[in-house]
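Inspection log for the structure reproduced underneath, given as structure tokens.
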Amino acid sequence: MRLLIIFIAVPLIEIGLFIQVGDKIGLWPTLLIVLITAITGTWLVRSQGAQTLVNLQGSFQNMKDPTEPLAHGALILFAGALLLTPGFFTDSVGFLLLFPPFRMFVMQSIRSKLKTSNINFKTPRENSDEDVIEGQFKQVSPNEDPSGWTKD
């Protein structure tokens, strides 16, 4: 139900803002503002997205939890979609999402509503009988059986 309200309210807000701003400054300046915010937003999304990608790669290389860089990347991607959508309200929210403290606030509010659990993975132990699976195999050349399957 909330999503339906959002899909109805956001376009109505945008239309109202377009009418108000267009009435105050005129059509062409209004359209110019929309174009400038889209270009500026695209540039900011690209630069912050590249930095987030570097942070994500660093977390993988250091064997750290990649959740935070992934969440930042998702919010930056969402900000880019909002900034490319024509409108003053969506541009405002998009620019707010490009502000790292606001992203942290959004992530903390989402995190507080999520229920998580930890998964412990068993690390393989060297020379342990628990990790050995007994079996038989027969090496077959590709010319003998084109399917790769053999019968013993």
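Placing +1 on the Cβ of every Lys and Arg and -1 on the Cβ of every Asp and Glu, with nothing else charged, gives segment 20-106 a dipole about its Cα centre of roughly 100 debye.
When you restrict to C-alpha pairs under 8 Å that are six or more residues apart and normalise by the size of segment 20-106, the relative contact order lands at 29 percent. Model label sites at LYS138 and GLN108, defined 7 Å from Cα along the beta-carbon direction, differ in position by 6.6 nm.
Shape analysis of segment 3-108 based on the Cα gyration tensor places the equivalent ellipsoid semi-axes at 32, 15, 9 Å, largest first.
For ILE39 paired with SER59, estimate the spin-label separation in nm (one decimal), with each label point 7 Å from Cα along the Cα-to-Cβ line. Each label point lies 7 Å from its Cα, and together they span 3.4 nm.
Here the label points at ILE5 and PHE99, each 7 Å from Cα along the C-beta direction, are separated by 2.4 nm in the simple model. Near LEU98, no amide H atom lies under 5 Å from its own; only residues 5 or more places off or on other chains count, and H is placed 1.01 Å from N.
Every number here is computed from the coordinates shown, using simple stated rules; none is lab data. If you're wondering where the values come from, they're calculated on a predicted model, not measured in any experiment. Reconstructed Cβ throughout: ideal geometry from the backbone, glycine too, with neighbour counts over all protein chains shown.
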